[in-house]
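**Student:** Pasting in a structure now, in structure tokens, and then I'll have a few things to ask.
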Number of protein chains: 2
Amino acid sequence: MYYAFHCQMKKMLGQLDGWLGKAADDAKARGFDPNVLVESRLAPDQFSFVRQVQAACDTAKLGSSRLTAKDAPSHPDTETTIEELRTRIRSVIAYLEGVSEADYAGAATRVITTPRWEGKVMSGADYFMEHALPNFFFHVTHAYALLRHNGVPVGKRDYLGAQTRREAGS
Amino acid sequence: MYYAFHCQMKKMLGQLDGWLGKAADDAKARGFDPNVLVESRLAPDQFSFVRQVQAACDTAKLGSSRLTAKDAPSHPDTETTIEELRTRIRSVIAYLEGVSEADYAGAATRVITTPRWEGKVMSGADYFMEHALPNFFFHVTHAYALLRHNGVPVGKRDYLGAQTRREAGS
């Protein structure tokens, strides 16, 4: 099931990329520089938009990399424009495309740690459920909320993306 | 694994209940009625705080109810105060406590539909991954973002809650 989540995170990054496209179009239509959105915040002591997008990218990338023990590309957090953020998102999507379901074998029992945990560890299962997944949605949703707060015309369908629905009985 | 998510959603609702407690305390300390937060919004055409909390409760409750085919309690969306919202959250947590791992047997292949889907259906697996889970985090995170935007002193630890960490090698 980790791979199903992997695919869902990849899908959500694609949605995020689309919101940034809408933000750029909307800024053009309203006659302002879209890059002013990059430093927008919901609270003065909370991450700005650029940090929310970077963190969404990192939680997806590192969530996959840590559970599969596959090296991930480095991203030095230097983005200052919407276009640079879109390039970063697409770089992470490309990385995730190179990870297969088989790479997740043994993910649940893998021992995970990060420098922030001061020597402590989590199982892959706990790390994914308690840390990577909620953090991913936290940052993706904050990016969405910031755009919505600034008048960008995104809606719930842009958030969820395509749904796998079929006719009843088929 | 659906049950692991069930437990994570139940945990996140407990966190949400705690944020509302902090919001009430903060309003008291700053000398305003905490219930003004109930109608706060990030955008004029987006759900207010009360709707975000109600939707977070419903996505958790209905996500569980639909995947397990167990009846869920009805909540008529009449809350107008922080305390009433906390009561609702606790009611959903109590409902989720009555659902066991065994109740999720066959969840992935269950046929799910809602009146909004105009006769179309989703598999339990697709419904959970593409609809229930992202919607749950969407509304929980918007509730958090609205409190943060209004100066309530919640932080990332309040969002994530307790993490299952252990000493390396233990």
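**Student:** Could you check the simple spin-label distance between B:A29 and B:A168, using points 7 Å along Cα→Cβ, in nm with one decimal?
**Tutor:** Placing both labels 7 Å beyond Cα along the Cβ direction yields 3.6 nm.
**Student:** Which residue, A:V99, A:V50, A:V121, tops the fluctuation ranking in a GNM of chain A built on C-alpha contacts under 10 Å?
**Tutor:** A:V121
**Student:** What are the label-to-label distances in nm, one decimal and shortest first, from A:E83 to the same spot in the other copies, with labels 7 Å along Cα to Cβ?
**Tutor:** 5.7
**Student:** Okay, next question. Could you work out how far apart the two model spin labels at A:A94 and B:C7 are, taking each label as a point 7 Å from the Cα in the direction of the beta carbon, and quote it in nm?
**Tutor:** Here the modelled spin labels are 4.0 nm apart.
**Student:** Taking every residue in B:161-168, how many Cβ atoms of other protein chains lie within 10 Å of its Cβ, on average?
**Tutor:** Mean inter-chain Cβ contacts per residue within 10 Å come to 6.
**Student:** Which pairs in the list A:K156/B:K11; A:K22/B:K156; B:K11/B:K156 are over 23 Å apart, alpha-carbon to alpha-carbon?
**Tutor:** Pairs exceeding the cut-off: A:K156/B:K11; A:K22/B:K156.
**Student:** Within chain A, what whole-number % of the accessible surface is contributed by carbon and sulfur, with the 1.4 Å probe and all protein chains included in the calculation?
**Tutor:** Percent of accessible area from carbon and sulfur atoms in chain A: 51.
**Student:** Can you give the average number of partner chain beta-carbon atoms within 10 Å of each beta-carbon in peptide B:4-15, as a whole number?
**Tutor:** The shielding value for this peptide is 2.
**Student:** Here's a follow-up. In nm, one decimal, shortest first: how far is the label point of B:A43 (7 Å from Cα along Cα to beta carbon) from the matching points in the other copies?
**Tutor:** When each copy's label point is compared with this one, the spacings are 2.1 nm.
**Student:** While we're looking at this one, here's another question. With solvent modelled as a 1.4 Å probe, how much accessible area in total do chains B and A shield from it at their shared surface, in Å² to the nearest 100?
**Tutor:** Adding both sides of the contact gives about 4300 Å².
**Student:** At 1.4 Å probe size, what's the solvent-accessible area of B:D17? Round to the nearest 10 Å².
**Tutor:** Accessible area, nearest 10 Å²: 20 Å².
**Student:** Under a 10 Å cutoff between Cα atoms, tell me which one of A:A23, A:A143, A:A56 has the largest fluctuation in the Gaussian network model of chain A.
**Tutor:** Per the Cα network of chain A with a 10 Å cutoff, A:A23 tops the list.
**Student:** Further question on the same structure: Which order do you get for B:H139, A:H131 if you rank them by accessible area with a 1.4 Å probe, largest at the top?
**Tutor:** A:H131, B:H139
**Student:** To the nearest 10 Å², what's B:D33's accessible area with a 1.4 Å probe?
**Tutor:** 80 Å²
**Student:** Let me ask something else. Quick one: what Rg and Dmax do you get for the protein assembly as shown from the alpha carbons, in Å?
**Tutor:** Here Rg and the maximum Cα pair distance are 19.8, 59 Å.
**Student:** Of the residues A:E118, A:E79, A:E39, which exhibits the maximal mean-square fluctuation in a Gaussian network model of chain A defined by a 10 Å Cα contact cut-off?
**Tutor:** A:E118
**Student:** Would you mind getting me the FRET efficiency between B:T87 and A:T113? Use the beta-carbon distance for r and R0 = 45 Å, nearest 0.05.
**Tutor:** With R0 = 45 Å, the Cβ-Cβ based efficiency is 0.70.
**Student:** Find, to one decimal place in angstroms, the Kirkwood hydrodynamic radius of chain B, where the mean of 1/r is taken over every pair of different Cα atoms and then inverted.
**Tutor:** 17.0 Å
**Student:** Continuing with the same structure: So what's the back-of-envelope 222 nm ellipticity for chain A, counting only DSSP H runs of four-plus at -39500 (n - 2.57) apiece and dividing by all residues, rounded to 500?
**Tutor:** Estimated from H runs of four or more residues: -17000 deg cm²/dmol.
**Student:** What number comes out for the charge environment of B:K28, summing +1 per Lys or Arg and -1 per Asp or Glu over other residues with Cβ under 13 Å away?
**Tutor:** Once all neighbours under 13 Å are counted, the net charge is -2.
**Student:** Over 15 Å, how big is the tail of the calculated P(r) for the stretch A:30-125, in percent of all Cα pairs?
**Tutor:** 67 percent
**Student:** Can I ask one more? Enter the mean number of other protein chain beta carbons within 10 Å of the beta carbon of each residue in B:133-139, as an integer.
**Tutor:** Counting other chains' Cβ atoms within 10 Å and averaging over B:133-139 gives 5.
The values are calculated or read from the model by the stated rules, or taken from the named source; none is laboratory data. All values derive from a computational prediction rather than experimental measurement. Glycine gets a Cβ as well: all are built from the backbone with ideal geometry, and neighbour counts include every protein chain shown. Calculation scope for accessible area: heavy atoms of the full protein, side chains included, ligands and nucleic acids excluded. Shrake-Rupley method; radii C 1.70, N 1.55, O 1.52, S 1.80 Å.
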